[in-house]
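Colleague: Take this structure, written in structure tokens, and hold onto it; I'll ask about it next.
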Amino acid sequence: MTQLTLTKTRIQAGTYEGVLRSGGDLDAGLELDAVHLEQSLGTLSIEEDNALDLTWHVRVPIPANVLSDGIQTFLIIDKSTGDTLDSFTVITGEPLDDDLRGEIDLLRAELDMLKKAFRRHCVETT
């Protein structure tokens, strides 16, 4: 079995771009798929890099019809093995109330409050 490594280089103009490298010759060929909500996007393109052996450029146009408010996660999979080679996320719409950074800040503030209360309790009980 050949080890494939896909590295994202950028997302620009609504297109994911990455570099795919193989650890050896591909016996069965190269079959990748881009998936969103378990549905194939069917728009992935693979171009061999003529300058580097066992290297390809992968491009996935992100269809506008799959974008909506919230977080959308896309997977790029190896069809022959079902392995996920890479994933990327697109966040659209209003800022999320449940944004992870906001939740972490809230947890930090609550932890500070608990530390102060615990220290005060320890001083009062001794």
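Colleague: What residue, of Ala51, Ala13, is small (Gly, Ala, Ser), on the phi > 0 side of the Ramachandran plot and out of contact with any Asp or Glu (no Cβ under 7 Å at 6 or more places or on another chain)?
Modeller: Answer to the selection: Ala13.
Condition check ((1) modelled with pLDDT of 75 or more; (2) on the phi > 0 side of the Ramachandran plot; (3) in contact with a strand residue (DSSP E or B) (Cβ under 8 Å, 6 or more places away or on another chain)) across all residues:
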position	(1), (2), (3)
Ile71	yes, no, yes
Ile77	yes, no, yes
Gly82	yes, yes, no
Leu85	yes, no, yes
Phe88	yes, no, yes
Pro95	no, no, no
Ala109	yes, no, no
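Colleague: Does any residue of region 1-21 turn out to be at pLDDT below 90, of a type outside the set (A, V, I, L, M, F, W, C) and more than 30 Å from Gly93 (Cβ to Cβ)?
Modeller: Yes; the residues of region 1-21 include at least one that is at pLDDT below 90, of a type outside the set (A, V, I, L, M, F, W, C) and more than 30 Å from Gly93 (Cβ to Cβ).
Colleague: Can you tell me how many residues in region 5-43 are under 16 Å from Ser87 (Cα atoms), open to solvent by 40 Å² or more (accessible area, probe 1.4 Å) and not in a strand (DSSP E or B)?
Modeller: Total meeting the criteria: 4.
Colleague: Continuing with the same structure: Checking Met113 against (1) open to solvent by 100 Å² or more (accessible area, probe 1.4 Å); (2) modelled with pLDDT of 95 or more; (3) not basic (Lys, Arg), which test does it fail?
Modeller: Unmet for Met113, out of (1) open to solvent by 100 Å² or more (accessible area, probe 1.4 Å); (2) modelled with pLDDT of 95 or more; (3) not basic (Lys, Arg): (2).
Colleague: Regarding Glu103, is this residue modelled with pLDDT under 85, farther than 30 Å from Gln39 by Cα and not small (Gly, Ala, Ser)?
Modeller: Judged against the criteria, Glu103 is a match.
Colleague: Could you go through region 41-64 and let me know if any residue there is under 15 Å from the mean Cα position of the chain (by Cα) and touching a residue at least 60 places away in the same chain (Cβ under 8 Å).
Modeller: There is no residue in region 41-64 that is under 15 Å from the mean Cα position of the chain (by Cα) and touching a residue at least 60 places away in the same chain (Cβ under 8 Å).
The values are calculated or read from the model by the stated rules, or taken from the named source; none is laboratory data. Keep in mind that what you see is a predicted model, and the values were worked out from it rather than measured. All Cβ positions, glycine included, derive from the backbone under ideal geometry; neighbour counts span all protein chains shown. Just the protein is used for accessible areas: all its heavy atoms, side chains included, with ligands, DNA and RNA removed. Shrake-Rupley method; radii C 1.70, N 1.55, O 1.52, S 1.80 Å.
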